[in-house]
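Quick notes on the structure that follows.
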Amino acid sequence: DAMVIQNPRYQVTQFGKPVTLSCSQTLNHNVMYWYQQKSSQAPKLLFHYYDKDFNNEADTPDNFQSRRPNTSFCFLDIRSPGLGDAAMYLCATSRDTITVVNEQYFGPGTRLTVT
Amino acid sequence: AQSVTQLGSHVSVSEGALVLLRCNYSSSVPPYLFWYVQYPNQGLQLLLKYTSAATLVKGINGFEAEFKKSETSFHLTKPSAHMSDAAEYFCAVSLSGGYNKLIFGAGTRLAVHP
């Protein structure tokens, strides 16, 4: 089945220690998104890639970076995690949306704990 | 600016009872509207979407939603709740044109009691 895969599902990192979360997709979608979801809150968009074009949300901290080496993979790098960065991180994909609004397909998420 | 308001952060129903989750939107242009469900420690799964075709939209798992422009609402309903419906439900509006940014409501947690 075509899907969005996130690894690992649970990640523990230390305060200030860089961490990378990964996302892969078999849907061949050209748009990929990263969301942060804190406990009992709605997902908050951090950034997205439209093909190779990176688009950062205005309020996304500089501490968060992303890489997309190819269509299938996208990475979220947190350079110096703080306690406030503990959250569920969701990856999502969608098809080309210039002319049509398409739904997003979400992965299962990675729950990040910062100690 | 587009926004979504979900009335009721927690809704509790009995098994077999009607489920009604409320969503109101604000949009200066015709909106695209979505309902997603999230089970504990899982990602979001699309229940249904409105994209300006039929105003009554049927989704998965017996859910449906009706787009009412006059009321700026897109409430989610299910005639008979099942225990497996217990989850968090998010209403979202999408900016039309350009990339597909979703604006989520705060979510409604549905509890289903025997």
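Read-outs: derived from the displayed coordinates by stated rules, not from any lab. This is a predicted model, so every value here is computed, not measured. Here Cβ is always computed from backbone atoms with ideal geometry, including for glycine, and neighbour counts include all displayed protein chains.
Size of the dipole of chain B about the Cα centre, Lys and Arg at +1 and Asp and Glu at -1 on the beta carbon, nothing else charged, in debye to 20? Show your work: numbers first, answer last.
On the way: 8 positive and 6 negative charges, 50 e Å.
In debye, rounded to 20, chain B gives about 240.
Using +1 at the Cβ of each Lys and Arg and -1 at the Cβ of each Asp and Glu in the protein assembly as shown, identify which of B:A65, A:L46, B:G16 lies farthest towards the dipole's positive end.
A:L46
Could you give me D for the protein assembly as shown, from Stokes-Einstein at 4 °C and 1.567 mPa s, where the hydrodynamic radius is the Kirkwood radius over C-alpha pairs? Units µm² s⁻¹, please.
Numbers: Rh = 18.2 Å.
Answer, rounded: 71 µm²/s.
Within 10 Å of each Cβ in peptide A:47-56, how many partner chain Cβ atoms are there on average? Round it to a whole number, please. Intermediate values should be presented prior to the final figure.
Working: counts 0, 3, 1, 3, 0, 0, 1, 0, 3, 0.
Mean inter-chain Cβ contacts per residue within 10 Å come to 1.
Using a 10 Å cut-off on Cβ to Cβ distances, tally the other chain neighbours for every residue of B:41-51 and report the average as a whole number.
Numbers: counts 6, 7, 15, 11, 2, 4, 0, 1, 3, 0, 4.
For this peptide, the per-residue mean of nearby foreign Cβ atoms is 5.
Calculate the length of the line joining the C-alpha centroid of segment B:2-79 to that of segment A:25-79, in whole Å.
25
How large is Rg over Rh for chain A, taking Rg from the Cα atoms and Rh as the Kirkwood inverse mean of 1/r across Cα pairs? Walk me through the intermediate numbers first.
Details: Rg = 13.5 Å, Rh = 14.2 Å.
With Rh from the inverse mean 1/r over Cα pairs, Rg/Rh is 0.95.
Any of A:K52/B:K58; A:K44/B:K49; A:K52/B:K78; A:K44/B:K69 with alpha carbons more than 31 Å apart? Name them for me.
Values: A:K52/B:K58 35 Å; A:K44/B:K49 20 Å; A:K52/B:K78 41 Å; A:K44/B:K69 26 Å.
Long pairs (Cα-Cα over 31 Å): A:K52/B:K58; A:K52/B:K78.
Any idea what the alpha-carbon Rg over 2.2 N^0.38 Å comes to for chain B? Intermediate results must be reported in sequence, preceding the final value.
On the way: Rg = 13.5 Å, N = 114, 2.2 N^0.38 = 13.3 Å.
After normalising by residue count via 2.2 N^0.38 Å, the value is 1.02.
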